[in-house]
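The values are calculated or read from the model by the stated rules, or taken from the named source; none is laboratory data. The structure presented is a predicted model; accordingly, all values stated were derived computationally and were not measured. Every residue, glycine as well, gets a Cβ built from its backbone with ideal geometry; the counts of neighbours run over all protein chains shown.
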């Protein structure tokens, strides 16, 4: 019997134009890993959580492809206070038998593991959402010492923000002397910029879609001897 190719399953928002591109870019270095995608509506969720029906439907379809993990590659959970993402993961795992995680949950864990707790934040929402993120990240031991709020209401528009604009705002954040910068929307094109910005600004610059994808890869690696998790973590340890 031939060996099953390891895979990550990814749920993304309906209006996202970036996550699939980022995933394919990262997986270029992992020819032995597949990625399977499903979408859920961006709108129509309660203010304090998620409409769980489309999530469970998408997760059930992804589970048929037998991924090692299902990732919700979006940042909404941080705005909600992280607990709804924990609930979502528990439900997906109970319904499908597949481990689940989210970009929002993986980000504070990554930052704290690297000792990076003073963060400059670039996020797509308005000032009210920015202030809320300051509070919710603080509950996870992460201090947002400076931020730039793009004021975007239509999620699709985040994918149209230019690389030059993202780079300019990231550079502005360094005035507050953070020990890392976080591009906080999986629909902002930060993945292609993070390496050059890290070199230029001389501090780590993290893209949220990248964080989720690499976290999923590392968790899948635990179950497959032929996938070296050191290669995926190197993308961050090099910083």
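A single entry from 154, 126 fulfils the requirement of being touching a strand residue (DSSP E or B) at 6+ places or on another chain (Cβ under 8 Å) and surrounded by fewer than 20 Cβ atoms within 10 Å (Cβ to Cβ): 126. Can you find even one residue in region 38-53 that is surrounded by fewer than 20 Cβ atoms within 10 Å (Cβ to Cβ), in a helix (DSSP H, G or I) and not assigned by TED's automatic domain parsing to the domain that holds residue 181? Checking region 38-53: at least one residue is surrounded by fewer than 20 Cβ atoms within 10 Å (Cβ to Cβ), in a helix (DSSP H, G or I) and not assigned by TED's automatic domain parsing to the domain that holds residue 181. Among all positions in region 163-179, there is at least one residue which is assigned to a loop (DSSP other than H, G, I, E, B), at negative phi and surrounded by fewer than 20 Cβ atoms within 10 Å (Cβ to Cβ). Taking region 6-33 as the range and being part of a loop (DSSP other than H, G, I, E, B) and either outside the structural domain of residue 221 (by TED's automatic domain parsing) or under 16 Å from residue 100 (Cα atoms) (or both) as the test, only 6 passes. Which of the following residues is within 15 Å of residue 78 (Cβ to Cβ), surrounded by 15 or more Cβ atoms within 10 Å (Cβ to Cβ) and either more than 16 Å from the chain's Cα centre (by Cα) or outside the structural domain of residue 40 (by TED's automatic domain parsing) (or both): 197, 188? After applying the criteria, what remains is 188. Might you check whether a residue that is assigned to a loop (DSSP other than H, G, I, E, B), in the same structural domain as residue 175 (by TED's automatic domain parsing), under 17 Å from residue 206 (Cβ atoms) and out of contact with any helix residue (DSSP H, G or I) (no Cβ under 9 Å at 6 or more places or on another chain) occurs anywhere in region 123-140? There is no residue in region 123-140 that is assigned to a loop (DSSP other than H, G, I, E, B), in the same structural domain as residue 175 (by TED's automatic domain parsing), under 17 Å from residue 206 (Cβ atoms) and out of contact with any helix residue (DSSP H, G or I) (no Cβ under 9 Å at 6 or more places or on another chain).
Taking the stated definitions as given, is residue 153 free of Cβ contacts under 8 Å to residues at least 40 places away in the same chain, in a loop (DSSP other than H, G, I, E, B) and under 24 Å from residue 132 (Cβ atoms)? When the stated conditions are applied, residue 153 passes them.
Matching residues to (1) at pLDDT 95 or above; (2) closer than 16 Å to residue 155 by Cβ:
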{"position": "38", "(1), (2)": "yes, no"}
{"position": "51", "(1), (2)": "no, yes"}
{"position": "69", "(1), (2)": "yes, no"}
{"position": "73", "(1), (2)": "yes, yes"}
{"position": "82", "(1), (2)": "yes, no"}
{"position": "97", "(1), (2)": "yes, no"}
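The helices (runs of 4 or more DSSP H) found entirely in region 189-239 that carry 2 or more residues being at pLDDT 75 or above are 191-201, 208-221.
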